[in-house]
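Let me begin by presenting the structure, written as structure tokens, before commenting on it.
A short reminder: the numbers here are calculations on the coordinates, not readings from a lab. In this text the structure is predicted, and so the values were computed from the model without any measurement.
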Ligand SMILES: [Ca+2]
Ligand SMILES: [Ca+2]
Ligand SMILES: [Ca+2]
């Protein structure tokens, strides 16, 4: 850029002061360094100054800076954790241990306040949790133990969004299935109901 601009100045100088350019191109470059630098400075100032420079810098900083995450505890633990920067929700996955659904629920609650078995309320949350689980199927906080066929989140959150695998939930088997897991094998990360007593990996979610 500097080279190009200096050349530009040189060319303009030559065009205006036609005398001596042919013989003194290199000499002018050397002699005119101070003038060139001033020209560059003026040109650059003019370019930057055009759209209110002082107002633009703080705006960019505000967009890049994280909200108020500094006050939140670090999103760590389990066999892998992942913070959703949009919501501040922290997902903590346990994949090297398996638990029954109720034991998984208690393990999550034991992590601390505002922490429960994960509630997958958006596709973004499902995707994030499935990434954490990698190859594992994992319990989530969704069950129909109270009223068959009526799955509810352990937090009481709305149930409009679901991501069941085809044909699920099917309350399958002799004793039925009342607890949901995500990342069902071979089903593109979709959900399935399974017997609550079975042991699976699980994911907890802590909200700000
Ligand atoms: Ca959630
Ligand atoms: Ca059921
Ligand atoms: Ca099922």
One-quarter of the Cα convex hull surface for region 75-206, in nm²? 7.3 nm²
Full-extension gain between residue 109 and residue 84, please, as 0.36 nm times their residue separation minus the C-alpha to C-alpha distance. 7.0 nm
